[in-house]
Every structure is written in structure tokens, then in C-alpha cells.
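Below is one structure, written out as C-alpha cells; comments come after it.
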Amino acid sequence: MLYELCIDEKAMTNIAVFASGTGSNAVNLVKAFNSGNRIHVALCLTDKENAPVIEKMKDLGVETLFFPRSVWKEQPQVILDTLRSHDIKIIALAGFLCFLSDEIVNAYEGKILNIHPSLLPAYGGKGMHGANVHKAVIEAGETKSGATVHIVTNEIDAGPIVVQKEVAVLPDDTPESLEAKVHDVEYIAFPEAVLKLVTSLTPPAVPKSVDDAWADALGVPNNVPPIPLQQPVKTEPAPVAARQEPMPDTFLVWSVITTILCCFIPGIVAIINSAKVSSKYYEGDMEGAKRASRNAEIWIIVSFVLGVITNTLYIPLSIAGLF
Ligand code: GRF
């Protein structure tokens with residue numbers, strides 16, 4: 001790698017256009033981006049000393065340099081140094097007919113785009129450029145053609161496709177009319193592809209969460225819903241037994257009645273046991289609740305019996321005048 005090619009999301013991304021011909025695509029890229037603040041065509045390089053693109057780019061204020069083919073072929077480091085001095089992050093080949101050395105392709109691996117006037121992989125490869133392509137398409141009787149922007153690799157016209165646009169080929173089309181139609185879609189496809197590449201190389205503005213970073217590092221999708229943290233379970237006085245069996249009878253009403261009408265002291269004991277039934281039940285102490293219920297019952301009977309005895313004895317004794 002020549003130098004750090006990371007793209008800063010806040011900075012302007014400089015691109016270089018390499019062109020050998022009329023340069024209508026190079027001009028189109030300048031017009032598409034150079035009045036904005038994100039992407040800037042900062043440099044144009046050519047291998048043709050008198051290529052029309054030179055004047056056009058100069059008129060647009062883009063620095064344009066000519067390097068003879070010998071430099072492109074034998075001194076790629078000169079080209080790479082020029083690119084580095086202009087802080088070029090991406091290269092766009094817009095009708096560049098010169099051999100691009102492996103050194104340049106490797107230094108900008110994945111960051112060089114080429115525009116080709118056919119629907120690749122059809123009508124690509126050696127000798128397939130300009131009018132040759134349109135002539136071959138028409139001769140083959142194709143009903144559609146188009147433009148393809150792809151990533152440049154060491155193999156001609158074979159890198160991954162970034163954007164592709166179609167046009168219809170009509171029976172009366174000539175290579176010239178087809179070229180004009182293809183040019184029209186190229187002016188849409190090329191800026192679109194540049195933008196796509198810059199966006200794909202730009203780190204997200206918002207820093208990744210730890211989860212996202214881990215998901216990336218592990219190569220797993222991070223769209224699995226998060227596992228909720230375990231919430232502490234609110235513990236009620238757990239009436240475990242009470243949920244399984246109904247609460248035993250408290251006999252509270254009878255405890256109160258016998259306390260008032262029969263015998264006071266055993267009645268109070270009955271009331272205390274009646275109250276214990278529910279408290280034991282809600283503590284989950286089913287055995288205690290049953291015991292309290294039984295005790296309440298016994299003390300009601302005791303209160304009742306003592307009440308009856310007392311009253312039974314009280315009436316005759318009071319009649320007899322002993323009370
Ligand atoms: C375009 O058709 C492009 O697809 C091909 O060369 C032609 C360049 O045209 N690679 P221009 O010089 O941009 O007008």
C-alpha cells in the first residue's frame with residue numbers, strides 16, 4: 001500500500017481522473033462534484049499530449065498533467081508520487097487507453113473505477129473500446145446495450161461491477177447514435193459509482209457500539225435482539241402452600257360471638273387463634289394455619305361450653321338467691 005488511503009468522513013475526498021480522449025465523462029465528474037464539499041476532482045492525468053481533455057479540465061480549474069506512456073509503463077512510482085502529493089484517494093478512468101501498471105492497481109486496490117460502454121461482461125476485454133464496442137453490439141443484433149462502472153483489477157474489464165445502466169438498441173441505430181445514447185447513461189452512472197465507492201470507504205460518522213464492533217470482528221450479524229438483563233424477582237411473602245390449598249376456616253365470627261355471649265377468656269384465645277390462621281397461611285405455613293384453625297375451633301367450643309355451664313348454673317343459683 002502506497003500510503004494511508006482511509007477516508008475521513010468530515011474531510012473532502014480527492015479523486016483523480018485519468019483520460020486519453022475527449023473527456024466528456026471527466027468534465028461531467030467535475031461538474032457533478034466540484035461545487036460540493038464532499039468529493040473533489042483534484043487532478044487529471046493523461047497519456048496523450050494533445051488530448052482534448054487537457055484544455056477542458058484546465059478551463060474548469062483542474063490541474064492536468066501529461067505523462068508519456070514510457071513513464072506510465074516503466075516509472076509507475078512517478079505517477080504514484082504525484083497522486084500522493086495531491087492526496088488522491090480514488091481514481092476514475094474515463095476513457096483512459098493506456099496500460100495501467102500492477103504497481104498502481106495494487107497501490108489503489110479496490111479504489112480505481114473504470115467506465116466501459118457496454119453491459120459487462122459482454123463486449124469487454126482486449127480491443128473492446130470506443131466505437132469498436134458499439135459496432136460489435138450492432139453487428140451482433142443486440143436489442144440492448146449500456147454502460148458499466150466497475151472496480152479495476154489486474155484483469156481487463158473484469159472487476160466487480162459497481163453501477164450498470166441499460167439503453168435500448170433500435171434497428172436504425174448506428175455506432176455513432178448508440179455511442180451518444182450510451183454516453184447519456186454514462187453521465188449518470190459514473191458519478192453514482194464514485195459516490196457509492198466513497199460512501200463505502202467512509203467510516204460511519206457515529207462510532208460503532210461495542211456490540212457492533214464485536215459483531216464485525218466475529219463476522220456475525222448484530223441484529224439479534226439483546227438478551228434482557230435478569231430482573232431481580234420481587235419476593236412477596238410467598239404463600240406457596242396457600243396457592244395449592246384453600247385457607248383453613250378462621251372461625252373468627254364464632255370466636256367473637258362466643259367471646260361476647262359465652263365465656264370471655266377462652267373466647268379471646270379463640271380470636272387470637274382465628275387471627276393466626278390467615279397470617280400463618282400467607283407465610284406459607286399451611287400446617288401452622290391448620291393448627292391455629294383447629295385451636296380456634298377448640299377454644300370456641302370451650303368458650304361455648306363454659307358459657308352454657310356458667311349460664312345454666314347462674315340461673316338456678318340466682319333463683320335460689322345465692323347470687
Ligand atoms: C466512454 O464511452 C467510456 O465508456 C469509455 O471511453 C469513453 C470515453 O468518452 N471508456 P469521453 O472521453 O469521456 O467522452
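The values are calculated or read from the model by the stated rules, or taken from the named source; none is laboratory data. The structure presented is a predicted model; accordingly, all values stated were derived computationally and were not measured. A quick note on method: Cβ atoms are made from the backbone with ideal geometry, for glycine too, and the neighbour counts reach across all protein chains shown. Ligands, DNA and RNA are stripped out before the accessible areas are found, and what is left, the full protein with its side chains, is counted by its heavy atoms. Shrake-Rupley method; radii C 1.70, N 1.55, O 1.52, S 1.80 Å.
For this structure, a couple of remarks:
- Average projected area [Cα convex hull, the range 129-194], square nanometres: 4.4
- Reducing the range 145-205 and the range 289-319 to their Cα centroids gives an inter-centroid distance of 106 Å.
- When the chymotrypsin sites (Phe, Trp or Tyr not before Pro) in the range 50-142 are filtered for DSSP coil states and for at most 12 other beta-carbon atoms within 10 Å of their beta-carbon, the remaining sites are Phe99.
- Accessible surface of the range 64-198 [probe 1.4 Å, protein heavy atoms]: carbon and sulfur percent: 55
- Among the listed pairs Lys58/Lys135; Lys31/Lys181; Lys126/Lys181; Lys56/Lys89; Lys58/Lys126; Lys31/Lys111, those whose Cα-Cα separation exceeds 27 Å are Lys58/Lys135; Lys58/Lys126.
- Within straight-line cross-link reach of Lys290, lysines at Cα separation under 21 Å, skipping those fewer than 8 residues along the same chain: Lys276, Lys280
- Other-chain or far-sequence residues with amide H under 5 Å of Leu65's (modelled H): Cys44, Leu45, Thr46
- Solvent exposure of the range 2-201 amounts to 47 Å² per residue of accessible area, where only protein heavy atoms count and the probe is 1.4 Å.
- Calculated on alpha-carbon atoms, Rg and Dmax of the range 2-201 in Å: 16.3, 51
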